[in-house]
Amino acid sequence: MRPQILNYFFVSVDKVKGIGPKLQSLLANLLIKRDFHRNIVVKDLIFHTPINIITRIKNPDISPNIKDRNVILKLQVEEVESIPKWNKNIYRIHCTQNAKPIDIVYFNVDHRYIKSQFQIGKNIAVAGIAERYLDRFQIIHPKYIMPANDIDKIPESEPVYPLTAGISSKIMHKIINSCLTQLPEFTEWLDESFKKQNKWLDFKDTISKIHNPKSSADVLLESPYRLRLAYDELLASQLAMALTRRNITKQKGNSQTSPNELARNFLKVLGFKLTENQKEILKEIFSDMESENRMFRLIQGDVGSGKTVLAILAMIKSVESGYQAAFMAPTEILAKQQYEWLLSVIEKNDISAYLSVTLLSGSTKENIRKQILPEIESGKINIVIGTHALFQDRVIFKKLGLIIIDEQHRFGVRQRMQFSDKGQKTDILLMSATPIPRTLSMTLYGDMEISLLKEKPAGRQKIETRMISTNKIEDVISGITRTIEDDNQVYWVCPLVSKLEEEFADEKEKIISVEERFEYLQKKFGSKVGIVHGKMKSEDKNKAIADFLNKKTKILVATTVIEVGVNIPNATIMIIENAEKFGLAQLHQLRGRVGRGAKKSNCILLYGNSSGENSIKRLNVLRETDDGFKIAEEDMALRGIGDLLGTKQSGFPEYDLAELPAHKELLFAARDDVKMILEKDPELKSERGQALRTLLYLFEYDQQIKLLAA
């Protein structure tokens, strides 16, 4: 049961003054990143921290010095001019400061607003950016307009938040500060000496300071306020994992015993033998399932190492033991591919009489959903493959014995544990195609048993990897022309979505975006070229990949959105432009999208002319080996843990307040702190232990609390 003192943190935002249904909907789209299944609450608001700060100059003289500066001015209204243009009204309000002219400009606003705010002769206070237009200064759509006597009410500094259309930083700051006034006092969970050593404030004071910064330094990742909050989140995560691991291994589960006849028949239908590595891990999985204790295991398997086969065999064992099994994929495309593949295999054999498989995703039509949901609840359907749709309350299982989550890092710990509530003491098997050095994975995923799947099945095509300078791009074009003529397909990956992105603005060499490369290739190959990237609507992404899968397009220009969950055997060439901008593990993932059929495949790493010696050395590692675990170790050795944990690197968990690699040292400190805490107080009964329980609830690790109490 959640501590009463935290109740306000979990009040729905529709109870907050100033938040109506429209604003609530906008806030939900902005703030709910992963746990989208729940309502937005006060905690989501106060954990939405600023990324910058606006500072304003108060009462400067109107002179060239104010150009492009944020200013607060006391002005007199002289004239209101309405200029009709393009079916819209432009209002230019001519004002003065000590006889010096400056205009206030509005585009397409209601005339009643203009009339109410700007009466001739009235003295007003305004705040905004002063721009030069022709021979006059102007402020377009001021952030503040109020009577001149209220000029002191305009803040000279104001935080800037990540936003969405329809919400301003001004509104965000106002509603968050409204929430902050009602936060309760509670016992501190950090050691007092540790706080003093780091010069950190109490939690409540820290939250208040970060939302009311005095300078840009207050909102930086390394500011004491951000560090304090990041450590709280990492400490909660590490403590939750430690408790989960300790308690799940002790918790009685469902002993899923069966003769494994269905699994053996399934392998016969597949027509290939498991590798020794696969056999070893399958034995671990089956042993976990047959044990009286719950399974909580992560399979880290390299690209093409055969994780899916092990997952299917585990589901078949669960069904043969009298249970249901669920497989959750990160994308609809991957879920559909897994469903169709499994269906095609089981229909070749009499095992289809025992396995009833369905697909459930966000795009499942309501009439089909109404048909399959009762069959899942009755147990008639015993294997469900789907996406986040499996989280829905409407999805009820009769006897769920096994949950498999693919690309598990894309689902938070809370989501994984919430999904497990669909059954009673359900076994959980997680999979990740991103090899991570073991020392690091034990910190990030310390709540699980970890199996490493390194050996690839026999017959898997080796992908030839070549490095080519961007100067020779026409040679690459000639090569893919021949590839298309041979009825093969090509991926072309770029690091940026559009030419407007500024992510690499400080680079000496131009970075080609997906949109630019798409336009270039379309001129040469016409409608044979498709495009897909993360900023597209879900249905448009699905269509682009479906067209590529069905050979309607021959070249798919993409960002790393295709790195996981796309299995197109006819694709034989992977071109990665500006390859030096990617992490090695991510390049290895992208390379794994080809070589999935019987044909010889190639990966071409296009590198820029200004690439340094270290960049070339890194890319050479990829050319010399296809061992993902070795690549991960080399990547860490060459770039360090910080870059390996960087935001461009796939395969790592996301946080709300902490950011890796900036806070990597906090991650390791939190891990060590948890070890000492549980050694001294394993049941968290001390005063600090009780406060740490509050911390777990605050960051919504409720499932771990349940395990602790069990």
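We did not get these values from a lab; they are worked out from the coordinates using the rules stated. Only a predicted model underlies this, so the values are computations on that prediction, with no experimental measurement involved. Here the Cβ positions follow ideal geometry from the backbone for every residue, glycine too, while neighbour counts run over all protein chains shown.
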Practice task
Using Cα positions and a limit of under 20 Å, work out the lysines in reach of LYS209, with same-chain residues fewer than 8 apart set aside.
Solution key: LYS43, LYS153, LYS170, LYS174, LYS195, LYS196, LYS199
Exercise for the section: Mind checking the full-extension length gain between ASN367 and LEU6? Use 0.36 nm per residue of separation minus the Cα-Cα distance, one decimal, nm. Expected result: 125.8 nm
Handout entry: Interchain or long-range residues, amide H under 5 Å from THR465's placed H
Key = CYS603
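What is the Rg over Rh value, at two decimals, for segment 64-223, using alpha-carbon atoms and the Kirkwood definition of Rh?
1.10
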Fill in the blank from the handout: Hydrodynamic calc, segment 165-291: Kirkwood Rh from Cα pairs, then Stokes-Einstein at 20 °C with viscosity 1.002 mPa s, so D in µm² s⁻¹ is 107
Practice task
Return, for the Cα atoms of segment 97-155, the radius of gyration and Dmax in Å, separated by a comma.
Solution key: 11.8, 32
Practice task
Report, in degrees rounded to the nearest 10, the 0 to 90 angle that the Cα long axis of helix 169-180 makes with the longest principal axis of the chain.
Solution key: 80
Fill in the blank from the handout: Phi-derived 3J(HN,Hα) across segment 615-623 with the Karplus relation (6.51, -1.76, 1.60, θ = phi - 60°), rounded Hz, x for Gly and Pro, is 5, 5, 4, 4, 5, 4, 4, 5, 6
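If you count, for each residue, the other Cβ atoms within 10 Å and average over each peptide, how do 515-521, 601-607, 672-678 line up from highest to lowest? It would help to have the intermediate numbers written out before the result.
Details: 515-521: 18.3, 601-607: 21.9, 672-678: 16.0.
Ranking the peptides 515-521, 601-607, 672-678 by packing returns 601-607, 515-521, 672-678.
What's the whole-number percent of alpha carbon pairs in segment 526-630 lying beyond 19 angstrom?
In whole percent, the long-distance tail amounts to 46.
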Practice task
For LEU496, enumerate residues with amide H under 5 Å from its amide H, sequence gap 5+ or separate chain, H modeled in the peptide plane.
Solution key: VAL514
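Determine how many Å³ per residue the convex hull of the Cα atoms of segment 293-375 encloses. Intermediate values should be presented prior to the final figure.
Numbers: hull volume 11.0 nm³, N = 83.
Hull volume normalised by residue count: 132 Å³.
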Handout entry: For segment 1-72, alpha-carbon Rg over 2.2 N^0.38 Å
Key = 1.68
Practice task
May I ask you to derive the FRET efficiency for GLN97 and SER168 from their Cβ-Cβ distance with R0 = 22 Å, giving the value to the nearest 0.05?
Solution key: 0.30
Exercise for the section: Could you work out how far helix 538-549 tilts from the main Cα principal axis of the chain, as a 0 to 90 degree angle to the nearest 10? Expected result: 40
Handout entry: Pair-distance profile P(r), taking every C-alpha pair of segment 1-151, with 10 angstrom steps and integer %
Key = 9, 30, 22, 21, 14, 4, 0
Handout entry: Distance (nanometres) between label positions extended 7 Å along Cα→Cβ at ASN39 and ILE83
Key = 4.8
Exercise for the section: Give me the number: length gained by fully extending ASN149 to LEU221, i.e. 0.36 nm times residue separation minus the C-alpha to C-alpha distance, one decimal in nm. Expected result: 22.2 nm
Exercise for the section: For a quick protection proxy, order the peptides 583-596, 256-269 by their average other-Cβ count within 10 Å, most packed first. Expected result: 583-596, 256-269
Problem - DSSP beta bridges in the chain [antiparallel fraction, %, rounded to 5] - result: 40
Practice task
Return a whole-number percent for the relative contact order of the chain, with Cα pairs under 8 Å and 6 or more residues apart as the contact set.
Solution key: 13
Handout entry: Highest-first arrangement of 358-367, 139-148, where packing means the average Cβ count within 10 Å
Key = 139-148, 358-367
Handout entry: P(r) of segment 40-83 over all Cα-Cα pairs, binned every 10 Å from zero, in whole percent
Key = 19, 26, 25, 19, 11
Practice task
Before anything else, pin down the relative contact order of segment 288-414: Cα pairs under 8 Å, at least 6 apart, normalised by residue count, whole percent.
Solution key: 34
Exercise for the section: In Å³ and rounded to a whole number, note down the convex hull volume per residue for the Cα atoms of the chain. Expected result: 197
Exercise for the section: Would you kindly state how much longer the chain becomes between LYS279 and GLU683 on full extension, computed as 0.36 nm times their sequence separation minus their alpha carbon distance, in nm to one decimal? Expected result: 141.6 nm
Problem - Cα gyration tensor of segment 306-350 - equivalent ellipsoid semi-axes, whole Å, descending - result: 18, 14, 10
Handout entry: Residue-averaged [θ]222 nm for the chain, counting only DSSP H segments that reach four residues, each worth -39500 (n - 2.57)
Key = -12000 deg cm²/dmol
Handout entry: Total charge dipole magnitude, the chain, about the Cα centre, Cβ charges on Lys, Arg, Asp, Glu only, Debye to nearest 20
Key = 1140
Exercise for the section: Relative to the longest principal axis of the C-alpha atoms of the chain, give the angle of the C-alpha long axis of helix 473-485, reported between 0 and 90° and rounded to the nearest 10°. Expected result: 50
Practice task
Quick one: net charge around ILE316, please, counting Lys, Arg +1 and Asp, Glu -1 for every other residue with C-beta under 11 Å from its C-beta.
Solution key: 0
